[in-house]
Amino acid sequence: MRKIVVVMAVVITSFATAQKMQEKDVPAPVKGAIQKQYPKATKVKWAKEGDKYEAGFDLGKEETSLLIDASGTILETEVEIEISQLPKKISAYIKANYSGQSIKEAAKITDAKGSVTYEAEIKGKDLIFDSKGEFIKETKD
């Protein structure tokens, strides 16, 4: 389980280094995955990381990001959430270990198997936690 979570954290970190791309360069199965799963997605922005594709879009007021393989399989879904929706244990951890810093943004990340992790962004860093609020990893923005 821990190995899966660490792999997800690496994938999340790679979002920051993804190469932007135009929609016309995205394979049809990849675009089709969004159209099928999220038909109301608007303003899709595309990027490529290695052999995977990242799609960022708005779903109503929610900012959503997907990691999709070339065959159109959604590997991971990241949804921006209110900071108050983070498990309380996360806020307590940040207060104890990052004195004087506050959470700027938060996200709930679900992989293809349904495993959930949380991301809390503080000044220049993303902190990754498991579904119970246990700290996993710190990455640079």
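About its Cα centre, how strong a charge dipole does the chain have in debye, to the nearest 20, once Lys and Arg get +1 and Asp and Glu get -1 at the Cβ?
On the way: 23 positive and 22 negative charges, 34 e Å.
That gives a dipole near 160 debye.
Please list, or write none, the lysines whose alpha carbon is within less than 25 Å of the alpha carbon of K95, excluding same-chain residues fewer than 8 places away.
K104, K108, K123, K125, K132, K137, K140
Over the range 2-140, what is the mean sequence separation of C-alpha contacts under 8 Å (at least six apart), divided by residue count, expressed as relative contact order in percent? Before the final figure, lay out each step's value.
On the way: 253 pairs, mean separation 23.5, N = 139.
For the range 2-140, the relative contact order is 17 percent.
Using +1 at the Cβ of each Lys and Arg and -1 at the Cβ of each Asp and Glu in the chain, identify which of F57, Q37, V116 lies farthest towards the dipole's positive end.
Result: V116, furthest along the dipole toward the positive end.
Once the principal axes of the Cα atoms of the chain are found, what is the range along each, listed largest first in whole angstroms?
Principal axes ranked by extent give 47, 32, 25 Å for the Cα atoms.
Here, each number is a calculation from the coordinates, and none is a lab measurement. Here the structure is a predicted model, which is why all the values come from computation and not from measurement. Glycine also receives a Cβ, built like all others from the backbone with ideal geometry; neighbour counts cover every protein chain displayed.
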